[in-house]
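One structure is given here, and the rest of the page talks about it.
The values are calculated or read from the model by the stated rules, or taken from the named source; none is laboratory data. The structure displayed is predicted, hence computed values, not measured ones. Positions of Cβ are generated from backbone atoms using ideal geometry, with glycine treated the same way; all protein chains shown enter the neighbour counts.
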Amino acid sequence: MGAPRTLAATLLRAAVRLVPDVSREWATAMLRELDFIEGDWAALFWALGSTTAILRHAAVVWRTWLFQNGNQEAGMNNTGKKALGVGLGILSALALVGCLFAGLRIVSILFPGLGLEHSGWAYWLAVMAIPEAIFVVATVLLWRKKGPVAAGILATGLAMALHIGVHFAMR
Amino acid sequence: MKLRLSPQTLLVLDAFLDRTEDWKYGYDLSRVTGLKSGTLYPILMRMAERKLLETKWEQAEPGKPPRHMYRFTPEGLRFARATVMAHMSGGLDQVALGLVPQGLVKI
């Protein structure tokens with residue numbers, strides 16, 4: 001079994017473990033299909049698409065669960081809703097950074113020849129520049145309709161920028 | 001109810017209309033339709049949620065774990081035939097106007 005196929009199986013197994021019960025059957029179905037796909041790279045692309053699909057499906061379930069639970073627990077006043085929105089924004093922003101970082105790691109493992117492992121600019125681009133650009137765009141787009149979520153994203157972006165600023169100031 | 005019948009959804013409906021009694025696998029559907037898994041599975045999930053598809057697990061080959069299989073429910077078959085016919089005659093409006101059962105139009 002080649003490295004891309006191993007990675008594909010690992011990715012889908014992780015998805016099966018991670019997703020809620022409603023999505024698990026589908027995640028398992030996608031994982032089982034891997035055995036029938038010829039070609040390691042085809043298997044990896046299958047797994048990447050499948051993982052994206054299953055996480056989107058799970059996200060809908062999680063969001064529904066989150067808001068239903070919140071509403072039941074405390075009558076969900078306005079402040080609570082806003083806090084949830086901000087939390088969701090922060091989580092989304094951190095998830096984006098995590099995904100980009102993981103993506104970079106995967107690429108550096110799959111293509112060691114690129115030398116990304118020791119490339120400072122690649123990490124700078126993937127973990128700072130691209131996320132910050134996305135945060136700015138997302139904040140602008142979401143500000144009117146989903147203000148708290150936009151605020152959460154903005155706060156994360158500012159915290160990251162501050163962190164980097166301090167990092168460079170200390171060097 | 002909002003109608004969203006994408007070209008990809010129509011491809012999937014069309015693939016299922018070929019030998020409707022047969023159970024079909026995800027990867028085979030992907031090859032037949034040319035859709036990537038990230039596009040195909042959300043369509044399958046929505047169709048199953050709307051009871052247009054029935055699913056089951058079956059051991060396809062000895063020694064290998066069971067696979068998830070799909071085929072139309074009677075309701076799904078009616079919907080697919082009406083939708084594909086409407087699309088072929090350039091009359092998707094028939095679906096939007098409610099000539100196809102209302103609960104089935106949002107895929």
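Among the residues of the range A:35-47, those that are of a type outside the set (F, W, Y), more than 7 Å from chain B (Cβ to nearest Cβ), surrounded by fewer than 20 Cβ atoms within 10 Å (Cβ to Cβ) and in a helix (DSSP H, G or I) comprise A:D40, A:A42. Among the residues of this structure, A:V136 counts as one that is modelled with pLDDT of 85 or more and surrounded by 12 or more Cβ atoms within 10 Å (Cβ to Cβ).
Residues that are over 29 Å from B:G34 (Cα atoms), among the β-branched types (V, I, T) and in a helix (DSSP H, G or I): does the range A:6-23 have at least one? No: zero hits. When the residues of the range B:1-53 are filtered to those that are of a type in the set (D, E) and within 13 Å of chain A (Cβ to nearest Cβ), the one that is surrounded by the most Cβ atoms within 10 Å (Cβ to Cβ) is B:D28.
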